[in-house]
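Asker: I have a structure I would like to understand better, so I am pasting it below and will then ask my questions one at a time.
The values are calculated or read from the model by the stated rules, or taken from the named source; none is laboratory data. On a predicted model such as this, the values are computed, not experimentally measured, just so you know. Because the Cβ atoms are built from the backbone with ideal geometry, glycine has one as well, and the counts that use them run over all protein chains shown.
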Amino acid sequence: MPRPTLPSSSNAPAQQSRRWLGALLGAAAAIPLCLAAWYFFQRQTPPAPRAAPRSADAALPTATPAPAAWFEDATPKSGVSFTYRNGEEADRYTLLESLGGGVGLIDYDRDGRLDIVLPGGGTFDRTGDGIHGLPTRLFRNLGGWKFAEATADVGLEQTGLYTHGCAVADYDRDGWPDLLITGYGGLALYHNVPGGNGNRRFVLATQQAGLVDPLWSTSAAWGDINGDGHPDLYVCHYADWSFANDPICKQAASPSGRDVCPPQKFQPQPDQLYLNNGDGTFRDATSEQNIRGDGYGLGVIVADLDQNAQPDIYVGNDATANFLYSNQDGRWDERGAAAGVALDDEGSYNGSMGVDAGDYDGSGRPSLWVTNFQREVHALYTNLDNGFYRHESKAAGIAALGRQFVGFGTGFLDVDNDGWLDLAIANGHVLRHPTIAPLRQRPVLMHNVSRGERRFFQDAGSRGGDYFQLPRIGRGLAIGDLDNDGWPDLVIGHSNAPIVLLRNAAAESEHHWLGVELVGKDARNVAGSTVTLQVGSRRLARFVNGGGSYLSSGDRRLLFGLGKDGQPGRLSVRWSWGETQHWDGLQPGSYYRLHETKPAAERLAPPPVVNR
Amino acid sequence: MRIGDRRVRLVLAGVLIVVIGLALYQIGREVRRIALRRQVDAALAARDFAAAELALQEGLQAQPDSAELKLLAAQTARRQGKLAEALRRLRRCSTRGAMAGPVALEQRLLRLQAGDLSGGESLDRYCEEFPQSQEAALILEAQIEGSLAALDEKRALNYLAQWNERPLPPADRVQGLLWSSQAHQLAGQVAAAQADCRAAVELAPEHREARLVLAELLALGEPDEAARHLKILKERHPRDPEILLPQAQVLRTLGRLDEAAQALDELLAIEPDHVAALVERGLVALELRQNDAAGKWLHRAEQLAPKYREVLLAMIDYARATGQTAEVERYQQRMRTIEAEIRAQLKDVLKKESPPGNAPIQQPAP
C-alpha cells in the first residue's frame with residue numbers, strides 16, 4: 001500500500017512557509033518580526049495539562065474504629081460439629097450442588113430450648129448416576145450453649161435423600177413439633193413420637209401422609225391456609241436437572257473448563273400445595289389452587305401480608321418472577337406482578353433465594369424482604385397498605401451494599417432490641433469459579449436506623465463481630481433465641497464448611513425485651529397471626545410466619561425489643577383465623593405463652609441447664 | 001529622475017511603506033495560520049477535540065478553500081465519534097490531486113470506525129510497515145473504535161496491544177485505558193474495566209470522561225465510591241447534565257434522597273424536559289412519600305415520552321403508591337404492549353440479518 005499523506009502529519013506546508021517568511025524577513029525590518037513573535041506567542045494555547053489536584057481524592061473519608069461486637073462465635077465450645085456436604089469433590093459440577101443446606105430450629109422435646117436440625121446434603125459418584133444422601137443431624141440443646149448430638153437417638157440416622165431444607169410444624173396437632181426435610185427427588189416427613197423414657201424420636205411418615213413428591217424440593221412452609229385449623233404445606237421445587245439432563249456449561253476461569261450451569265438451562269419444576277386432611281394425611285391441591293408452575297422456587301414464606309386474617313404465600317424464585325398468592329377465603333390469586341413484588345424496580349425478575357416478612361418501618365404492616373443474585377439488589381418491598389408494595393431497596397439503604405452479593409439465608413431480627421428490625425444475610429456464590437463476584441462473600445448485618453422520618457438500613461458488619469468480617473459460602477440461616485435470654489441468636493450454614501452458632505452478645509446493653517409464644521386451641525397452627533405491643537407511643541407489630549429465610553426454619557416465638565426505657569403496654573394478638581385477644585400487665589425480660597383458651601398469659605421460667 | 005529628488009524619495013518611501021504593509025499583512029496571515037495549525041495540533045495531541053474544532057472553524061473561515069483543513073475537520077469529527085458530521089464534511093473534500101489518497105484513507109477509516117471491519121488487512125499491513133507513523137496511529141484508533149462498535153472486544157484488545165506499543169502522549173494513554181475499559185465491559189469483565197478506569201483517573205485526574213466512566217462502573221457495585229467521584233466531577237462541572245443525572249441516581253441508590261432531589265432540581269432547572277431526570281425526580285418524590293409532587297414530575301415525563309419503558313415503570317409505581325388499581329393494570333397493559341412491539345421489531349431485525357447459511361440443516365434422506 002502506498003503511504004498516504006495525511007494532513008495532520010504534513011510538514012511540507014510549514015517548511016514552505018518558513019522559506020517564504022525568511023525571504024520576507026530579510027527584506028523587512030525587525031519590527032514586524034517582533035510584532036509577529038508577540039502575536040504568535042499571544043495566540044499559543046498552553047498544551048501542558050494542569051497538575052493533578054490530589055486533594056479531592058485524598059479527602060475521602062476513612063473508616064471509623066469498630067465498636068463492641070454484637071455477636072460472638074459460640075460454635076467451638078458448643079459441641080455442634082457439622083458440615084453440609086454438597087458433593088462437589090466429585091467434580092461433576094451439578095446444579096444440585098449449588099443450592100446448599102438449611103438450618104432448622106426445633107424444640108423437639110419441648111424442654112423449652114431450641115434444638116438444631118441440619119440436613120446433611122449428599123455426595124455423587126465420580127462417574128455414573130449415583131447420588132447419595134447424607135443423614136440429617138440433630139443437636140439437642142442442653143442449655144448454657146452446650147449441645148449434644150442426638151441424631152441416632154431421635155431416629156434421624158437414615159440416609160437416602162440428598163437433602164437441602166427443613167420446615168417445622170405440628171402437622172397432626174398432637175402438641176409436638178414435627179419435621180419436614182426437603183431434597184432431591186423427595187420429601188421426608190418425620191413425625192415426632194414418644195421414644196421411651198420420656199424421650200422423643202422421629203418416625204418417617206412420608207408415605208402414610210401422602211407426601212410422595214418425586215421432584216426436587218427446596219424450601220417449604222407450613223401454614224393453615226384454608227382456615228380449617230390444620231397446617232397445610234407449600235413446597236418449592238427447583239428445576240428438572242438430573243444426570244440424564246446434565247449439560248456441560250463452559251467456564252474459562254475453571255481449571256476443568258466447566259462450571260455449574262445456570263438454572264435457565266433447565267425447565268422449572270412446579271411448586272406444590274398440599275392441604276392437610278386433618279387425619280395425618282395430605283392431598284395435592286396444586287392444580288385446584290392455580291399454583292403456577294413456571295418458577296424456580298427457592299424461598300417461601302406464609303404470612304398474613306394483606307392483614308385480612310388469612311395467611312398468604314410469597315415465593316422467591318430463581319431467575320423468574322416471584323409469586324404472591326393472595327388468600328381470599330381459601331382461594332388463591334397470584335398477584336405478584338400487580339402488587340409489585342414479582343420484579344425489581346427496573347421491571348426485571350431477579351434470582352431470588354431467601355425471603356422474610358416483617359414490619360421494618362413501624363407501619364404495623366409486613367413488608368417483604370428477598371435476597372437476590374449478583375448484579376441485583378436485595379429487594380425490600382415496602383407494604384403500602386393498599387394491596388400494593390414498592391421496591392424501596394434504594395431509599396432504605398439496601399442498594400448501598402452494592403450488587404456483588406449472592407444472598408441466601410436471611411431474616412429480620414432486632415439485634416440490639418431497640419424495637420426496630422434489622423437484617424442478617426448469609427452470602428456466597430453458586431458457581432465454583434465465579435468471575436463477576438467472589439466465591440466466598442462476607443455475611444451482612446444491616447442495622448435499622450433513623451434517617452429523618454424514614455427508616456434506613458446501615459451496613460453494620462463492623463459491629464457484627466469477627467464472623468461478619470470473613471468471606472464464606474453461606475447458605476441456610478436461622479434466627480432464634482438459643483439461650484432464652486431474649487436476644488436473637490443466629491445459626492448459619494455454609495457449603496462444605498462448618499456450621500456457625502452466633503451468640504447475641506448485645507445483651508450487655510441496657511435495652512429491654514419481651515418474648516411471646518402463641519398457642520392456638522388444640523395446637524392449631526398460628527402462622528399468619530399478628531401480635532402488636534404498645535410500647536409508649538409506639539405500636540410494635542410482629543408476625544408469626546411459616547417458612548422464611550432459605551431452606552431454613554427459625555424460632556416461631558416472637559421477640560419485642562423495648563429499647564432502654566420501653567415498658568410493655570397492651571399486647572394484642574390477631575390470630576390467623578381472625579379473632580383478636582388482648583393481654584395486659586406483661587413484664588419485660590420474660591417469655592410468655594399466650595394460649596388462645598387462657599385469658600392469663602403464662603410466664604415461662606428459663607429452663608435449667610442440663611448436666612451431661 | 002534623481003534619488004535625491006524629494007518627490008522621488010517620497011514615492012520610494014511610499015512604495016516601501018506599502019511593501020512593508022503588504023509584508024506585514026502576509027506575515028500576520030501566515031503567522032495566524034501557523035498559530036491556528038499549532039493550536040489544532042496541540043488540541044489533537046491532547047485529544048481535546050472541542051478545542052481542535054474551534055481552531056479548525058477559525059482556520060476554515062480564514063481559508064475556506066483549504067483542502068487540508070477540510071479533511072482535518074472531517075477527521076476530527078470522526079475521531080470525536082460524530083460519524084454523520086464526519087461524512088458530511090468528508091463529502092466536501094476534494095478527491096483530486098494530492099488529496100485523493102488522504103481522503104480515500106479517511107473514507108475508509110470512517111467506515112471502519114462505524115463498525116464495518118471488512119477489508120482491514122491492507123491497513124494492518126500498513127501499520128506493520130510504518131508502525132510509528134501518524135497514519136498508523138489513526139488507523140489503529142479507527143480499528144479499536146470499529147471493533148468496539150462491532151462489539152468485538154477481542155479484536156479491540158488485540159489492536160489495543162499494538163496501540164500500547166507506541167510511544168504515547170498522556171492523552172493517548174488515557175484514551176487507550178478507556179478503550180480497554182470498554183472492551184472489558186463488553187467481555188463482562190467489570191473488575192478489569194474498573195481497573196482500566198482507575199488507572200486512567202490516576203494518570204489524568206482532571207479527565208472528565210475517565211472519572212465519569214469509573215463512577216458509572218462503580219455505581220452498581222460500590223455506589224459510595226461512585227458518589228465520591230461524581231462529587232469531584234460536579235465540583236469541576238457544576239452544570240453538566242451528564243454528571244448531575246448519574247450523581248442523583250447514585251445518591252438515590254445510597255438512600256440520600258434529599259441530596260438526590262437537589263441534584264435533580266439543578267438538572268431540571270437547566271433542562272426542564274429531561275425525561276430521565278423527570279422520572280428520577282418522580283421516583284425520589286415517591287420515596288419521600290410526596291405523592292402529589294411525584295405525580296407532577298411523572299405526568300410531565302409521560303407527556304414527553306409516553307412509550308418510554310422507564311416512564312411506564314414509574315407510572316406503575318406511582319399508581320401503586322396512590323392506590324389506583326385500574327391505573328396499575330392500564331399501565332401494565334401498555335407495558336406489555338410495548339414490550340411485545342419491541343420483541344416483534346427485534347424478531348424482524350434478526351430475521352432480516354440472519355444470513356441464508358443459518359437456515360436449519362436438513363437431515364439427509366436415508
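Asker: Using the structure shown, decide if B:A84 is more than 10 Å from chain A (Cβ to nearest Cβ) and surrounded by 22 or more Cβ atoms within 10 Å (Cβ to Cβ).
Answerer: No; evaluated as a whole, the condition is false for this residue.
Asker: For segment B:101-118, give me each residue that is within 9 Å of chain A (Cβ to nearest Cβ) and either of a type in the set (G, A, S) or at positive phi (or both).
Answerer: Within segment B:101-118, B:G101, B:A104 qualify.
Residues checked against (1) in a helix (DSSP H, G or I); (2) surrounded by fewer than 20 Cβ atoms within 10 Å (Cβ to Cβ); (3) in contact with a helix residue (DSSP H, G or I) (Cβ under 7 Å, 6 or more places away or on another chain):
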| residue | (1), (2), (3) |
| --- | --- |
| B:E206 | no, yes, no |
| B:E209 | yes, yes, yes |
| B:V213 | yes, no, yes |
| B:L220 | yes, yes, no |
| B:R239 | no, yes, yes |
| B:Q249 | yes, no, yes |
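Asker: Let me confirm something: among B:D224, B:D172, B:D196, which residue is among the acidic types (D, E) and buried (at least 23 other Cβ atoms within 10 Å of the Cβ)?
Answerer: Answer to the check: B:D196.
Asker: Kindly establish whether A:Q441 is within 18 Å of A:M353 (Cα to Cα), modelled with pLDDT under 95 and among the polar types (S, T, N, Q).
Answerer: So A:Q441 fails the test.
Asker: Still on this structure: With the condition kept exactly as written, say whether any residue in segment A:310-331 is within 10 Å of chain B (Cβ to nearest Cβ), among the small types (G, A, S) and out of contact with any Pro (no Cβ under 7 Å at 6 or more places or on another chain).
Answerer: Within segment A:310-331, not a single residue is within 10 Å of chain B (Cβ to nearest Cβ), among the small types (G, A, S) and out of contact with any Pro (no Cβ under 7 Å at 6 or more places or on another chain).
Asker: Could you run through segment A:316-352 and say how many residues are more than 27 Å from B:E310 (Cβ to Cβ) and either of a type in the set (A, V, I, L, M, F, W, C) or assigned to a strand (DSSP E or B) (or both)?
Answerer: Going through segment A:316-352 one residue at a time, the tally reaches 7.
Asker: All but one of (1) more than 28 Å from A:A342 (Cβ to Cβ); (2) modelled with pLDDT of 95 or more hold for B:H299; state the number of the condition that does not hold.
Answerer: Single failed check for B:H299: (1).
Asker: Further, regarding this structure: List pairs: first in segment A:387-403 and more than 7 Å from chain B (Cβ to nearest Cβ), second in a helix (DSSP H, G or I) and at pLDDT 95 or above, Cβ under 7 Å, 6+ apart or cross-chain?
Answerer: Listed by first residue and then by second, the contacts come to A:G387/A:A339; A:Y389/A:A339; A:S393/A:A399.
Asker: What number of residues in segment B:290-321 are under 26 Å from A:G397 (Cβ atoms) and free of Cβ contacts under 8 Å to residues at least 24 places away in the same chain?
Answerer: Result for segment B:290-321: 10.
Asker: Restrict the check to segment A:125-146 and report whether at least one residue is surrounded by fewer than 18 Cβ atoms within 10 Å (Cβ to Cβ) and under 25 Å from A:G428 (Cβ atoms).
Answerer: yes
Asker: Quick check on this structure: which one of B:R320, B:R334 is assigned to a helix (DSSP H, G or I), within 11 Å of chain A (Cβ to nearest Cβ) and of a type in the set (D, E, K, R)?
Answerer: When all the criteria are applied, what remains is B:R320.
Asker: Return the residues of segment A:530-544 that are outside any strand (DSSP E or B) and within 17 Å of A:P366 (Cα to Cα); say none if nothing qualifies.
Answerer: A:V544
Asker: Ok, one more. Just need a number here: residues in segment A:354-375 that are farther than 23 Å from A:V103 by Cα and at pLDDT 95 or above.
Answerer: The qualifying residues number 9.
Asker: Then there is this: Looking at (1) closer than 21 Å to B:A98 by Cβ; (2) at the interface with chain A (Cβ under 7 Å from one of its Cβ atoms), which one does B:A42 not meet, given that it meets all the others?
Answerer: That leaves (1) as the condition not met.
Asker: Suppose we keep only residues that are assigned to a loop (DSSP other than H, G, I, E, B) and under 17 Å from the mean Cα position of the chain (by Cα) within segment A:435-464. Which one would you say is farthest from A:T382 (Cα to Cα)?
Answerer: A:R442
Asker: Just checking, which of B:L203, B:L218, B:L251, B:L244 is more than 24 Å from B:L157 (Cβ to Cβ) and either touching a Ser or Thr at 6+ places or on another chain (Cβ under 8 Å) or facing chain A (nearest Cβ under 10 Å) (or both)?
Answerer: Exactly one of B:L203, B:L218, B:L251, B:L244 is more than 24 Å from B:L157 (Cβ to Cβ) and either touching a Ser or Thr at 6+ places or on another chain (Cβ under 8 Å) or facing chain A (nearest Cβ under 10 Å) (or both), namely B:L251.
Asker: Say whether the condition of being more than 29 Å from the chain's Cα centre (by Cα) and surrounded by fewer than 19 Cβ atoms within 10 Å (Cβ to Cβ) is met by at least one residue in segment B:273-288.
Answerer: Yes, the conditions are met somewhere in segment B:273-288.
Asker: Then there is this: Regarding segment B:72-86, can at least one residue be identified that is farther than 29 Å from B:G115 by Cα and either more than 27 Å from the chain's Cα centre (by Cα) or in a helix (DSSP H, G or I) (or both)?
Answerer: Checking segment B:72-86: not a single residue is farther than 29 Å from B:G115 by Cα and either more than 27 Å from the chain's Cα centre (by Cα) or in a helix (DSSP H, G or I) (or both).
Asker: Could you pull out the residue among A:N317, A:N308 that is of a type in the set (S, T, N, Q) and crowded, with 18+ Cβ neighbours inside 10 Å?
Answerer: From the options A:N317, A:N308, the qualifying one is A:N317.
Asker: When you go through A:L215, A:L161, A:L189 one by one, which is the residue that is crowded, with 19+ Cβ neighbours inside 10 Å, in contact with a Leu (Cβ under 6 Å, 6 or more places away or on another chain) and in contact (Cβ under 8 Å) with a residue 12 or more places away in the chain?
Answerer: From the options A:L215, A:L161, A:L189, the qualifying one is A:L189.
Asker: A further question follows. If you check B:E121 against the conditions, is it buried (at least 19 other Cβ atoms within 10 Å of the Cβ) and acidic (D, E)?
Answerer: Answer is no for this residue.
Asker: Do you know which residues across segment A:435-449 are surrounded by fewer than 19 Cβ atoms within 10 Å (Cβ to Cβ) and either within 12 Å of another protein chain (Cβ to nearest Cβ) or among the charged types (D, E, K, R) (or both)?
Answerer: A:T435, A:I436, A:P438, A:R440, A:V449, listed by residue number.
Asker: Considering only segment B:49-69, state which residues are more than 9 Å from every other protein chain (Cβ to nearest Cβ) and either aromatic (F, W, Y) or under 23 Å from the mean Cα position of the chain (by Cα) (or both).
Answerer: B:F49, B:A50, B:A52, B:E53, B:L54, B:L56, B:Q57, B:E58, listed by residue number.
Asker: Continuing with this model, one more query. Just need a number here: residues in segment B:40-67 that are surrounded by fewer than 20 Cβ atoms within 10 Å (Cβ to Cβ) and part of a helix (DSSP H, G or I).
Answerer: Count: 14.
Asker: Are there any pairs with C-beta distances below 6 angstrom linking a residue in segment B:17-28 that is facing chain A (nearest Cβ under 7 Å) to a residue that is part of a helix (DSSP H, G or I), with the two at least 6 apart or on different chains, and if so which?
Answerer: B:A23/A:L24; B:L24/A:P32; B:I27/A:P32; B:I27/A:A36
Asker: Still on this structure: Considering only residues that are in a loop (DSSP other than H, G, I, E, B), closer than 26 Å to A:S219 by Cα, touching a Lys or Arg at 6+ places or on another chain (Cβ under 7 Å) and modelled with pLDDT of 95 or more, which ones fall in segment A:380-428?
Answerer: A:F388
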